[in-house]
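Notes follow the structure.
The values are calculated or read from the model by the stated rules, or taken from the named source; none is laboratory data. Just so we're clear, the structure is a prediction, and the values are computed from it rather than from any experiment. Neighbour counts are summed over all protein chains in view; Cβ atoms, including those assigned to glycine, are modelled from backbone coordinates with ideal geometry.
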Amino acid sequence: MTTTSTTEAPSASGHLADPDVNYLNNEYGIKSWLLSLDHKRIGLLYLIMTTVFFVVGGIGAALIRIELMTPGGDLLEADTYNKMFTMHGVAMIFFFLIPSVPAVIGNFVLPIMIGAKDVAFPKLNLLSWYCYMVGGGLATFAIIAGGIDTGWTFYTPYSTTYANGYVSVALFGVFINGFSGILTGVNFMTTVHKMRAPGMTWFRLPLFIWAQYATSLIMILGTPVVAITLLLVVLERVFHIGIFDPALGGDPILFQHLFWFYSHPAVYIMIVPGFGVMSEVIACFSRKRIFGYSFVAFSSLAIAVLGFIVWGHHMFTTGQSIYAGMVFSFLTFLIAVPTAVKIFNWTATLYRGSVSMESPMLYAMGFMGLFLIGGLTGLFLSTMATDIHLHDTYFVVAHFHYVMVGGMVMAYLCGLHFWWPKMTGRMYSEVMAKTSAVLIFMGFNLTFFPQFVLGYLGMPRRYHVYPDEFQILHVASTAGATVLGIGYLVLFICLVSSLINGAKAGPNPWGAKGLEWMIESPPTPHNFHETPVVTFEAYAYEEEDTLLPVPGDGQTTGAVSH
Amino acid sequence: MSKDFQLHPDLASTFAWQVDSIYFLLIALSVLFTVGVFTVLIIFSVKYRRRSDDERPKPIHGSTALELAWSIIPLFIAIGVFTLGAEVYFRMYRPPADAIEIFVVGKQWMWKIQHPEGVREINELHIPVNQPVKLTMTSEDVIHAFSVPAFRTKRDVVPGRYTTMWFEANQTGEYHLFCAEYCGTQHSTMTGRVIVMEVDAYQQWLGGGVSGESMVDAGARQFVQLGCATCHKAESGGRGPSLVGIFGGPVQLATGEIVTVDESYVRESILSPGTKIVNGYQPIMPTFQGQISEETLMQLLTYIKSLSESE
Ligand SMILES: [Cu+2]
Ligand SMILES: [Cu+2]
């Protein structure tokens, strides 16, 4: 690796002194994007495609919510409804949530944050995007060609023997997509180990990097398990090899063990990078170091590791042994502790800070509220007695939407707003951004809070028709989803219009600390003109803002000293 | 079944208040934490709001004492709630010995229910009030889940094996029965009613049922018709072991391993006899996989169980 070489300045060196050349305009044409090895461009490729899948998943959600306004099944056929919630789940989880923070924001800022020119393996990085595209393409084909109605959980023996449609194709798509995650994980881990700028010690790393590191660990260890599991489903479906179907001598519960062995940690693939975003944003907008840096850093790792041994909490009602159930329940309770530690530390960070509520911070506050509720309602599900009643009801639906949408999507949008000026060089309209944050927060609560009540009343999930007495709550939920949808639309317009008429952002519009804020916006193709030497800890907000020198610019300030 | 809007479900079993009390405790804890954290967040955001752009607040690195406090307090709360939940769960898993045993077969997309007296019903379950009821369940196709929200309990119904659940209804009335595990096209109509009746009314209802043959009798008849009786005689010395008195006890296998004869063991012995061979016998028993329905299997099972009850 080239960590210590400070002089290496390849062909692009001619541009270096030219402040107007950045990663967006150094090359033009579709090929320069599709074959780009620049982590920043790959991040944007991911941004565009994850947004497309978000829209696909969103269409599914919209149809589901409209259908559920009445207790009868009047808009969609039962089969269509089942295909819609499957499409919603598959698109949102595998093709939006899992890649969004790591592959979009992580790709863009991770190398810059540690002072690197790129990730360790730029070609693998591009390959990961292609795996994602092929996987996504296959899944989309399956949806268009006939749909899949297994639910995103693909439970056997339904998925292997009974489900119609293009299940195998979709599964294969998710399998291929798994490689995208593995490659990203390998890449980030190696990058963090090998490519840190001189002086960037482990405990000077921004917490976002710690979070990405923990996430990469889960991606590398977990994804192969689900990939193989899904492949086994395909084998049973196509060649009737008895693995999961008892009629063929298999064990249907085995699938659930294998599936959740990955899919519970996958929850943390989705949320832990969001934790990283929170640390950056909360520090910046209260101009403070993160309270208890090392506790926040290690709690990410603790969550990543513990996350691998709690999968059985999805199976309390399958009739697994009581003692297994108790162990899984207990371990799940343990995870609550590092999670609570994070929340408390972020809150304490504001203490005696200089707090300003710009839109990223508003999103961060939204995250705190929604994730708190998501986490606390998780306790209802890790408590065995209440889980028996709540399992497979709308309570679960509400809980994981609070965690995934309320937590993860809020964190993603928070990060997007925070680094948008860096990515695009433009500022968006603060009024519009704040409006969208408030709309999304309120719409979200109106959509999902009633679902907790529905769930305790016993409304099962994945129901296309339901008893009349649940209607009021469903109507409230649909109304909320409308507000939520409008919120997303405002956000979309806000960000896109910033590209057209947004004010120039400048290197550091938020007065934030960190290497990415010491270089131009948008960054030059190689991020840094010279490899920076780091002499400061993360979040040294007590120091004055500084920029890295641009050669030939006459600017002299070096990296700040502590 | 309630037709009006409610915020809280009916309480109709002995589990209901046990689960609800943990539920309300958790709500109290959640409100406490949410309100607590949010109050602090709001106070900090207002009190320490940025007043001028050159503010450079003094850094605070953290406090180990605080970190310990806010790790250990949640840890103890977590252990407490875990223990409460596990205790109730334990009870949910242990059916009392005197429970009435009813058999449930799930299939896409209906519930088939068989009472020991022989009465059968579909998508409806009639039970007496204030008596523990144990359901032994299996599925003919995919996984379903038998869920009665008013009883606060549910259990997956899995093909290829028996799962059990129990409850004791303490309120007469009609309650929702849902299939809670997604099972295909008509999943959301795989619903029904649980009807809790006074004991007299229940006895009357049972008497008015169509079939006069109890499950044990039906099982005994099948036992002869399927030819089981040719190998399994009441006394030992037949080609197969005597099945009298085996249920619930230990049996030694040819491998030397000792297993308990329970529902799953009997099921396996009939469907794939080659898997576990009883010590001292030849593996000559034919498999009945695919030849008898889940209902017949349950009748045979009840019959074999009844052979261990007389003593
Ligand atoms: Cu989980
Ligand atoms: Cu079902």
Contacts under 6 angstrom Cβ, first residue in segment A:249-264 being within 14 Å of chain B (Cβ to nearest Cβ) and over 17 Å from A:Leu331 (Cβ atoms), partner assigned to a helix (DSSP H, G or I) and away from ligand 2 (no atom under 16 Å from the Cβ), 6 or more apart: A:Phe259/A:Thr229
In segment A:299-308, residue farthest from ligand 1 (Cβ to nearest atom) [restricted to those that are more than 10 Å from every other protein chain (Cβ to nearest Cβ) and crowded, with 23+ Cβ neighbours inside 10 Å]: A:Ser300
Just to confirm my filter: which helices (runs of 4 or more DSSP H) fall fully inside segment A:323-428 and include at least 2 residues that are facing chain B (nearest Cβ under 8 Å)? A:359-382, A:384-390
Single residue of A:Asp74, A:Asp79 found to be farther than 20 Å from A:Thr50 by Cα, part of a helix (DSSP H, G or I), within 14 Å of chain B (Cβ to nearest Cβ) and of a type in the set (Asp, Glu): A:Asp79
Run down A:His391, A:His399 and say which single residue is touching a helix residue (DSSP H, G or I) at 6+ places or on another chain (Cβ under 7 Å) and touching a residue at least 24 places away in the same chain (Cβ under 8 Å). A:His399
Could you list, in sequence order, the residues of segment A:437-475 that are facing chain B (nearest Cβ under 9 Å) and in contact with a Phe, Trp or Tyr (Cβ under 7 Å, 6 or more places away or on another chain)? A:Tyr456, A:Leu457, A:Gly458, A:Met459, A:Pro460, A:Arg461, A:Arg462, A:His464, A:Glu469, A:Ile472
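Limited to segment B:1-37, what total is found for residues that are outside any helix (DSSP H, G or I) and at the interface with chain A (Cβ under 8 Å from one of its Cβ atoms)? So that I can check it myself, show each step before the final result.
Within segment B:1-37, the first condition is being outside any helix (DSSP H, G or I), and the residues that meet it are B:1-13.
Cutting the leftovers down to at the interface with chain A (Cβ under 8 Å from one of its Cβ atoms) gives us B:1-9.
So the count comes out to 9.
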Out of the residues in segment A:456-469 meeting the condition of being surrounded by 22 or more Cβ atoms within 10 Å (Cβ to Cβ) and over 24 Å from A:Met87 (Cα atoms), tell me which one is nearest to ligand 2 (Cβ to nearest atom). A:Gly458
If only one of A:Val267, A:Val296, A:Val327 is touching a residue at least 12 places away in the same chain (Cβ under 8 Å) and within 12 Å of ligand 1 (Cβ to nearest atom), which one is it? A:Val267
Evaluation of A:Leu37 against (1) modelled with pLDDT under 85; (2) outside any helix (DSSP H, G or I) (one fails), failing number: (1)
From A:Ala91, A:Ala120, A:Ala103, grab the single residue that is in a loop (DSSP other than H, G, I, E, B), aliphatic (A, V, I, L, M) and in contact (Cβ under 8 Å) with a residue 12 or more places away in the chain. A:Ala120
Name the residues in segment A:242-257 that are within 15 Å of ligand 1 (Cβ to nearest atom) and surrounded by 21 or more Cβ atoms within 10 Å (Cβ to Cβ), would you? A:Gln256
Is it true that some residue in segment A:309-325 is buried (at least 24 other Cβ atoms within 10 Å of the Cβ), among the hydroxyl-bearing types (Ser, Thr, Tyr) and within 16 Å of ligand 2 (Cβ to nearest atom)? yes
Which condition from (1) within 12 Å of ligand 1 (Cβ to nearest atom); (2) hydrophobic (A, V, I, L, M, F, W, C); (3) closer than 25 Å to B:Thr153 by Cβ is the one that A:Phe261 breaks? (3)
